[in-house]
Amino acid sequence: MHWIALFMAIATEVIGTTCLKLSDGFSKPLPAVLVFIFYGLSFTLLGQALKVLPIGMTYAIWAGLGTAIVSLIGIIWFAETMTPVKLVSLMLIIIGVIGLQLSQLKAA
């Protein structure tokens with residue numbers, strides 16, 4: 001259940017960050033309100049995950065996957081450019097998250 005909470009926390013953080021972009025500097029009311037709702041949900045779910053999972057690994061997965069997914073949304077939805085450096089950097093984030101996951105499995 002704690003892993004489900006973590007991945008839901010990542011999803012709601014990604015939605016909140018996307019709404020932040022859509023709010024256009026908080027000038028559009030609906031996306032602006034959704035920012036607070038989704039970030040609130042994300043932190044609540046992250047707190048639930050942290051009841052069981054180690055903080056270092058949990059936060060790194062939450063932040064890393066959230067960053068990678070938001071970057072991909074920026075490229076796909078907001079037509080941001082994909083450079084070789086950005087691609088390699090995203091791959092390194094994902095490799096790092098996988099490494100953290102594998103290190104946790106070995107420790108268990």
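Just so it is clear, none of the values below were taken in a lab; they were calculated from the coordinates. Predicted model only: the values in this text are computed from it and were never measured. Neighbour counts are summed over all protein chains in view; Cβ atoms, including those assigned to glycine, are modelled from backbone coordinates with ideal geometry.
Evaluate E = 1/(1 + (r/R0)^6) for K51 and I98, where r is the Cβ-Cβ distance and R0 equals 22 Å; express this FRET efficiency to the nearest 0.05. If you can, show how the numbers build up before the last one.
Working: r = 24 Å, r/R0 = 1.08.
Efficiency, rounded to the nearest 0.05: 0.40.
How far, in degrees from 0 to 90, does helix 55-76 lean away from the longest principal axis of the Cα atoms of the chain, to the nearest 10?
40 degrees
Can you give me the convex hull volume of the Cα atoms of the chain, divided per residue and expressed in Å³?
It comes to 96 Å³ per residue, whole-number rounded.
Label V88 and T44 with points 7 Å out from Cα along Cα→Cβ: what is the distance between them in nm?
About 4.3 nm, to one decimal.
For the stretch 54-108, what does the convex hull of the Cα positions come to per residue, in cubic angstrom?
Expressed per residue, the convex hull around the Cα atoms of the stretch 54-108 is 62 Å³.
Treating only the Cβ atoms of Lys and Arg (+1) and Asp and Glu (-1) as charged, compute the dipole magnitude of the chain about its Cα centre; round to the nearest 20 debye.
Values: 5 positive and 3 negative charges, 32 e Å.
Once rounded to the nearest 20, the dipole reads 160 debye.
If contacts are Cα pairs under 8 angstrom and at least 6 residues apart, what is the relative contact order of the chain in percent?
Reported relative contact order: 29 percent.
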